[in-house]
Amino acid sequence: MDHARKSHLTFYIFAAIVLAVVLALIAPTFAMKFQIGGEIFLRLLKMMVVPLVMASVMSGIIGLGDVRRLGRPGGFAVVYYLTTTVLAVVVGLVMVNLIDPGVGTVDQETLEALAEKGRAMIPEREEATIGTILEGLVLMLFTDNLILAAVETDLLPLIVFSIIFAGMLTTMGERVHAITAMIVQINDALLSFILLLMKLAPVGIFCLVTARFGEAQAEGAFAEMLSQTGWYVLTVLAGLGFHAFVTLPLILSFFTRRNPFRFMLQMSQAVLTAFSTASSSATLPVTMECAVERGRVSKRSVEFVLPLGATINMDGTALYEAVAAIFIAQAIGIDLTFAQQLMVAVTATLAAIGAAGIPEAGLVTMLIVLNTVGLPVEYVSLILPVDWLLDRFRTAVNVFGDSVGSAVVEKSFAGPEDGGEM
Ligand code: ASP
């Protein structure tokens, strides 16, 4: 695809989203009929994820020639993931304390009703501590059944396996030439497949967005949402906006001297796909394609930083978890001390790392945050009506954060640059 056609595609995707929202607002029932189109597009994307992650991580190691050369960039990537996630949480905490979206927004009677609803929904859970959360995170890296991990799109163990397996291949020389050649070829073929899929993106994205927004409009969820949680929505969006338009661009230009807004434009297809699918994992094929083809990030960096980032680097989710926890505390009239807010920050960071890259995963790990800081989990129903919408924005920020990461970490790969050609 030449450059002009790729830019057209971004425009078509953007136009598709605008049209989709307009249609959903004026004819919600009709809009909902497009659901099947959206589902097909989503399945096509998701179908690519497991083979792509395994092939790209393995092919990356094979390209490096020695797994030990992953040490420096690997460490750098982890530092990047953690730093940006913590920065996002800090932005979220500052915003929520400045705006105070929860203070006096919901009356006692509505609160009681919401808590009742929440109690009916949430199963009893054990006390969570930082220790048990960390233990859970470490265990997430390993599986006793690789096939099951693939079936459940459990990417972390697949990445761990791929690194070990490909690392071993690099020590076996000519004996495994056929396998290494095949892995590299499969990876190339999958990336070409994604290019083909992207031609469907405007239609697929139109269907996805119009069906979901139509459903919300038909339920009257928009009005309910704005009356109860308007300030909360604004706070989360302001925080996400700050992170995407100030923090990440500063980091990108500081480390790479790239123009951050041009980079944002180059990654826009991935960001818009993330908004439409609400899933970093489903968006991963598009993110990788955009970063290599349009962002000209080296293939080597993309192959490691993006698959891992899609699962553990979630700036948007972390920010949202921190804001949501404090919002709930404010709404039920609990004044959190500085120490408790610090606890929220730590658990929100860990909860975001633990969240899967699937729709509304953050809402589930939110319960861990509430639980750890001792807030009543049933009040999560307070933020439920808007979660599907905020999920889209935070996923877009998650994906943009991963992309910036691939550009930042790029420099730390030793050896000759591979130029980002596919
Ligand atoms: N949907 C988000 C993602 O896939 C995770 C979340 O915050 O719910 O990145």
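Among the residues of the stretch 377-411, the ones that are open to solvent by 10 Å² or more (accessible area, probe 1.4 Å) and away from the ligand (no atom under 15 Å from the Cβ) come to 6 in all. Of all residues in the stretch 263-287, those that are aliphatic (A, V, I, L, M) have Cβ atoms under 7 Å from Cβ atoms of residues that are more than 14 Å from the ligand (Cβ to nearest atom) and open to solvent by 10 Å² or more (accessible area, probe 1.4 Å), 6 or more apart or on another chain, in Leu272/Phe14; Leu272/Ile17. Residues in the stretch 334-376 that are in contact (Cβ under 8 Å) with a residue 60 or more places away in the chain, more than 15 Å from the ligand (Cβ to nearest atom) and closer than 21 Å to Gly118 by Cβ: Val344, Asn371, Thr372, Pro376. From the list Arg5, Arg69, Arg43, the one residue that fits, being open to solvent by 20 Å² or more (accessible area, probe 1.4 Å), among the basic types (Lys, Arg) and at pLDDT 90 or above, is Arg43. None of Gly37, Gly60 is in contact with a helix residue (DSSP H, G or I) (Cβ under 9 Å, 6 or more places away or on another chain), assigned to a helix (DSSP H, G or I) and open to solvent by less than 10 Å² (accessible area, probe 1.4 Å) except Gly60. Taking the stretch 271-333 as the region of interest, the helices (runs of 4 or more DSSP H) fully inside it that hold 2 or more residues being open to solvent by 10 Å² or more (accessible area, probe 1.4 Å), within 11 Å of the ligand (Cβ to nearest atom) and under 24 Å from Gly354 (Cβ atoms) are 299-312.
The values are calculated or read from the model by the stated rules, or taken from the named source; none is laboratory data. This is a predicted model, so every value here is computed, not measured. Quick reminder, even Gly has a Cβ in these numbers, built from the backbone with ideal geometry, and neighbours come from all protein chains shown. All accessible areas refer to the heavy atoms of the entire protein, side chains included, with ligands and DNA or RNA removed. Shrake-Rupley method; radii C 1.70, N 1.55, O 1.52, S 1.80 Å.
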